[in-house]
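Beneath this line is the structure, given in structure tokens, with notes to follow.
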Amino acid sequence: MILATVTGNFWATKKCESLRGQIFLEVSFDGRKAVAADLVGAGIGDRVLVTTGSAARAADPGLPCDAAIVAILDEKT
Amino acid sequence: MILATVTGNFWATKKCESLRGQIFLEVSFDGRKAVAADLVGAGIGDRVLVTTGSAARAADPGLPCDAAIVAILDEKT
Amino acid sequence: MILATVTGNFWATKKCESLRGQIFLEVSFDGRKAVAADLVGAGIGDRVLVTTGSAARAADPGLPCDAAIVAILDEKT
Amino acid sequence: MILATVTGNFWATKKCESLRGQIFLEVSFDGRKAVAADLVGAGIGDRVLVTTGSAARAADPGLPCDAAIVAILDEKT
Amino acid sequence: MILATVTGNFWATKKCESLRGQIFLEVSFDGRKAVAADLVGAGIGDRVLVTTGSAARAADPGLPCDAAIVAILDEKT
């Protein structure tokens, strides 16, 4: 999995029916941006763990999604 | 998923039988080009969300396709 | 899927039994070379559409293959 | 599979229920960092073999994980 | 699939039970190194075809492996 930072929201009115009801967030890592399904309630600025590929559909095989936020890193104190 | 821009059409008379009836579009991102199945009725110039890998076949497991346009971004106003 | 050009043949006498009877071709794209199963009868010099990952096995799940030529681009005239 | 070095721990209190009970470690390879499920009891500094993609879920298909440490390299003496 | 050269052996005493009995080899391509399951009896110096992703498990779905050597190229004479 990759470590990324949540950097934005993603809005799309026109989308596959199977994506409705799922929140997606923009994540950034290594100077690149991607969009991932949020499975843990992350917010902008959070450092998150993103799982990619078929693993992103482990909870819902019918979701046409290839990236999912599965954990929020604990802040180092 | 990756954010891309639709930059062209794709025409192929000679193709796998299982690809017939499916529209494919050329998409560009990070200076690269790829071809994706269009599941939402996108047009040239649209900013779209492209899902890759087996997720592109979530709706049709028999389609030999590794990229699909699953959403069109709302224009920022 | 990626757009590639067929640049060569691939010969291997010693191979997995499950690969026998399947034609493989060398394809080039973005300065790289790969080998893909030919599902459409492509020839050297053809511009082709290559699907990767598990999609390459959509027609034959038992084939240990991660890339397949699934269409030949129409020539622009 | 890729060869990597274990370089850190990974702590996340807020995560998918399906990830609970699984240890994850930070691994480094080719100047990049990733997070992988530890299936063999690796420790920081170990040279390990990391399997990626759906292979990381071979033992547990429901785990939303795309990388797993599956072996520790023997030290060369 | 990618063309690679076998460049070394891989030894690991501590590994997942499901990997026991399978030979793994180090392969090199494009200046990178990886480790692949050997399904054809390849040796150091052989030019081989490596299949990646879930295709590497086509013969054994339970193997936590994401790369497999599936053919040895015929020498050009």
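Every read-out reported here was derived from the displayed coordinates using simple, explicitly stated rules and does not represent laboratory data. None of the values given here were measured: they were computed from a predicted structure. Backbone-built Cβ (ideal geometry, glycine too); neighbour counts: all protein chains shown.
Quick notes
- Label geometry 7 Å along the beta-carbon vector: residue A:22 inter-copy distances in nm: 1.7, 1.7, 2.8, 2.8
- Farthest toward positive dipole pole in chain A [+1 Lys/Arg, -1 Asp/Glu at C-beta], among A:3, A:39, A:61: A:61
- Dipole moment magnitude, nearest 20 debye, chain E about Cα centre, only Lys, Arg, Asp, Glu C-beta charged: 220 debye
- Among B:43, B:21, B:62, the largest mean-square fluctuation in a Gaussian network model of chain B, built with springs joining Cα atoms closer than 10 Å, belongs to B:21.
- For chain E, dividing the convex hull volume of the Cα atoms by the residue count gives 94 Å³ per residue.
- Cβ-based exposure ranking for E:40, B:35, in which fewest neighbours within 10 Å come first: E:40, B:35
- Residue C:29 paired with residue A:5, simple spin-label distance in nm, labels 7 Å along Cα-to-beta-carbon: 3.3 nm
- Sequence-separation-based contact order of chain D, relative, with Cα cut under 8 Å and 6+ spacing, percent: 32 percent
- For C:34-40, mean number of other protein chain Cβ atoms within 10 Å: 4
- Summed side-chain charge close to residue B:56 - residues other than residue B:56 whose Cβ falls under 10 Å, Lys, Arg +1, Asp, Glu -1: -2
- The coefficient of translational diffusion for the protein assembly as shown, derived via Stokes-Einstein from the alpha carbon Kirkwood radius under 37 °C and 0.692 mPa s, stands at 152 µm²/s.
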